[in-house]
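To start, the structure under review is shown below, and the notes come after it.
The values are calculated or read from the model by the stated rules, or taken from the named source; none is laboratory data. Computed from a predicted model, the values in this text were never measured in an experiment. Don't worry about glycine lacking a Cβ; one is built from the backbone with ideal geometry, like all the others, and counts go over all protein chains shown. Heads up: the accessible areas ignore ligands, DNA and RNA and are worked out on the full protein's heavy atoms, side chains in. Shrake-Rupley method; radii C 1.70, N 1.55, O 1.52, S 1.80 Å.
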2 protein chains.
Amino acid sequence: MDKMYKENNLSKNQQIIFDLIDKSSEPLKAYTILFSVQKKGIKAPPQVYRALDKLVETGKIHKIESKNAFVACRNSNCEISKATAFSICESCEMVDEISDAKLTKYLTNFSDKKGTKYKRFNLEFFGLCKKCK
Amino acid sequence: MDKMYKENNLSKNQQIIFDLIDKSSEPLKAYTILFSVQKKGIKAPPQVYRALDKLVETGKIHKIESKNAFVACRNSNCEISKATAFSICESCEMVDEISDAKLTKYLTNFSDKKGTKYKRFNLEFFGLCKKCK
DNA sequence: TTTAAAATTGTTATAATATAACATTATGTA
DNA sequence: TACATAATGTTATATTATAACAATTTTAAA
Ligand SMILES: [Zn+2]
Ligand SMILES: [Zn+2]
Ligand SMILES: [Zn+2]
Ligand SMILES: [Zn+2]
């Protein structure tokens, strides 16, 4: 087979799954993804989870932990998922990635009472989005 | 049966499961809990999940979303789980609840670019604990 | 250009996490 | 009492995620 996925360094399955997540206006769950890509030859959970793992690892997508679902990264500044923040609507399914330099700086520099600094954080805000308010 | 669980307003199953989590030095997973309390008559997942749900709802415990595990609240100021922050060691299983008034204030007052404020947040820091460094 | 390592894929089975649905019992309050 | 609400017990099943192993493709070094 031709080397069809060299330029952007995503493999075939990774690209298929990334495209799906990237086009979606909602966070997608692994089995929703699996169902959607079966026509493209991705037929089993490990294929989906492996692609998701790699995409998370490289910062192309993020996992919304409270929803077990995935969104495409909308923030070129989030440095391979070291510093992520999201707003999550409790009414509709909407999730937005927050990119706020001040917030990122504040949390990246945060050190606890013992003076410990952390190399990564994930922050999830919950409330009502503009539509749902 | 006597009203054996009135004073502290936890029900029997809730108290059993809270005590277990409260005594634990590690976050506990639902099925670990289930296994541990079978001798006390709690035999099925729904019994555990219902107690966990109620304990989370009332702020007695918190769910560590990235681990699907539960810890007892160590912070009387966290206002029924509206504002939670944790430090999580990526090497051992250690989780500490962070209680930092400044951090809480900063995040509680945070508003995004559209001026939206959120009614709740959960923050997870990842790194190495003192022991593992 | 061979060739070997590393990454990716395909596949089957199963583990781990969580909820639906319904019957019963206990508790708080009018 | 009598009613509403909360909690419990139980069986089954849905959802999320990984183990294990074989085959293929890609990358990079010899
Ligand atoms: Zn991002
Ligand atoms: Zn909404
Ligand atoms: Zn707390
Ligand atoms: Zn540690």
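Accessible surface for segment A:12-127, divided over its residues, is 53 Å² per residue with a 1.4 Å probe.
In the assembled protein chains, B:Lys82 presents an accessible area of approximately 90 Å² (probe radius 1.4 Å).
Chain A contacts chain B over a buried accessible area of about 2900 Å², both sides summed; the probe is 1.4 Å and only protein chains count.
Accessible surface for A:Leu34 stands near 10 Å², nearest 10, in the context of the full protein assembly shown (1.4 Å probe). With all protein chains in place and ligands, DNA and RNA left out, the 1.4 Å accessible area ranks A:Tyr118, B:Tyr31, A:Tyr49 as B:Tyr31, A:Tyr49, A:Tyr118, largest first. Under the convention that each Lys and Arg Cβ holds +1 and each Asp and Glu Cβ holds -1, the size of the dipole of the protein assembly as shown around its Cα centre is about 20 debye. For A:Lys113, the label point sits 7 Å beyond Cα toward Cβ; its separations from the matching points on the remaining copies run 3.7 nm, from shortest to longest.
Take every pair of alpha-carbon atoms less than 8 Å apart whose residues are at least six positions apart; their mean separation over the length of chain B yields a relative contact order of 20 percent. Looking at segment A:12-127 alone, DSSP beta bridges between its own residues are antiparallel in about 55 percent of cases.
In the assembly of identical copies, B:Lys12 has its label point, taken 7 Å from Cα in the direction of the beta carbon, separated from the corresponding points by 5.9 nm (ascending, one decimal). With its label point defined 7 Å out from Cα along the Cα-to-Cβ axis, A:Arg50 lies at 4.2 nm from the matching points of the other copies, in increasing order. Within the accessible surface of the protein assembly as shown, defined with a 1.4 Å probe on protein heavy atoms only, the carbon and sulfur portion equals 51 percent.
For segment A:42-133, what does the alpha-carbon gyration tensor say about shape, rounded, prolate or oblate, given a ≥ b ≥ c as the root eigenvalues, a/c under 1.5 as rounded, and a/b over b/c as prolate? Cα axes put segment A:42-133 in the oblate bin.
Rounded to the nearest 10 square angstrom, A:Thr116 shows an accessible area of 10 square angstrom against a 1.4 Å probe. Computed over the alpha-carbon atoms, the protein assembly as shown gives an Rg to Rh ratio of 1.00, Rh here being the Kirkwood radius from the mean inverse distance.
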